[in-house]
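Note sheet for the following structure.
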Amino acid sequence: MANQNTPELTVLIQKEMHNKIQYLHSRFESTEWSGPAWYTIKKKTKEGFPIKVELEYFKPIDLGNTGSTELDGEKLGKVLPAIYKKFPKLKKSFMGLIHSHHNMGAFFSGTDESTALEQAPVEGLFFTTVVAHNKDKYATGVSYRDQYGLPNFIEGEVESKVKMSVSKDWKSEADKIEKDAKPTYTTNYNINGYGRYYGQGNIWASKEAASDKETDKKKSESISNTSIEASIPLVQETELMLATQIYDKLLEMEITEVQFTSAMREKCPNVDPYLFASGYYDQI
Ligand SMILES: [Zn+2]
C-alpha cells in the first residue's frame, strides 16, 4: 500500500439486493447460505484502491447448516454461464462472495478471513460480504495480493440506504401545508385561527365557539394556558428517535408500509412518514 492512511472501503447495497438479503434472512433464519456476488467499483484512489463499491448482484447457491456453508467450484462453474448470459454487464464487475451468518451477527470468522486471503487474486480484487439479520448486520472486506504475491485482507463498511419512494405529489402537498403553516411561527397567533387547529381539529368547532362570546373567552383562557409551542409543528428529538425505531422495523420488513405510516401517525404525529423515509429529517 502506498499510503500510510489506509483508505476506507465502502460497499453500497441498494434496494433490490437489500431486499433479496432480507428475504433470504426470513427464509433461512438459522442456516448459513452463500453464493457468488458481483461488485462494481464506483470510485477508487489514484493508486487504484477501491473506496466506493456497489454490490451489483449475488446468487445464493449453497445452503449449509447453522455453522457453515461451502461454495464448491463445481457448483459455481455450473451456474456462471447462465448468470453471465442473463446479466452480461456483470462481466465487467469483480466476482467475490457473500454468505450469511443468520442470527450470529456479521463478522469475519477465522475461516472467513482465510478464505478471503486464499481467494486473493494476483491481479484484481476479491470482495467478501457477510450478512446477518441481527447484531451487526453487515461485514465486508477486500483481499488482493501485493507486489510480492502476499495476500492482504482489508475490512470495509457497508452502506445500505434503503428509502421508500416518495411521490412528487406527496412531497408538494406536504411542502404546501408546511409553507401555509409558517405564519403561525411569526405572527401573533389569533384565537380563531388557533381554534381552527385545535378546536377538536375541526374548523366548525371554532365557528361555533365564535358565535358565543362567553365560551370564546373561556376557550381563549384555557388555550393560552396550554403551551403555544403546541401550535408549532416542532419535531422533537424524542419523536425523531421513535420514528427511527419504527423505520428500522420497516427496513427489517417486520412491518408493512401501511403499518409504518399508521405507527408513525400514532407515535410521532409531527414527523411526516414520507419525508422521514426520504431522508428529509437527516439534516435536522
Ligand atoms: Zn462466516
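We did not get these values from a lab; they are worked out from the coordinates using the rules stated. What you see is a predicted model; the values in this text were computed from it and never measured. Note: ideal-geometry Cβ built from the backbone for every residue, glycine included; neighbour counts use all protein chains shown.
Going through the cross-link list Lys42/Lys176; Lys171/Lys249; Lys43/Lys176; Lys46/Lys78; Lys46/Lys91, which pairs have a Cα-Cα distance over 30 Å in this structure?
With Cα atoms farther than 30 Å apart: Lys42/Lys176; Lys43/Lys176; Lys46/Lys78.
Using amide H atoms built 1.01 Å from N in the peptide plane, name the residues 5+ places from Ile61, or on other chains, whose amide H lies under 5 Å from its own.
Under 5 Å from the amide H of Ile61 lie the amide H atoms of Ser34, Gly35, each far enough along the sequence or on another chain.
Taking Cα atoms of region 235-284, Rg/Rh with Kirkwood Rh, to two decimals?
So for region 235-284, dividing Rg by the Kirkwood Rh gives 0.92.
If the only charges are +1 at each Lys and Arg Cβ and -1 at each Asp and Glu Cβ, what is the size of the charge dipole of region 235-284 around the Cα centre, to the nearest 20 debye?
Here region 235-284 has a charge dipole of around 120 debye.
Distance between the C-alpha centers of region 80-122 and region 10-32? Whole Å please.
14 Å
Find the Cα radius of gyration of region 10-159, compare it with 2.2 N^0.38 Å by division, and give the number to two decimals.
Normalised Rg, Cα atoms only: 0.99.
How about region 112-173: which trypsin sites (Lys or Arg not before Pro) there lie in a loop by DSSP and see at most 16 other Cβ atoms within 10 Å?
Lys135, Lys161, Lys163
Could you tell me the distance between the Cα centroids of region 245-261 and region 42-63, to the nearest Å?
Cα centroid of region 245-261 versus Cα centroid of region 42-63: 28 Å apart.
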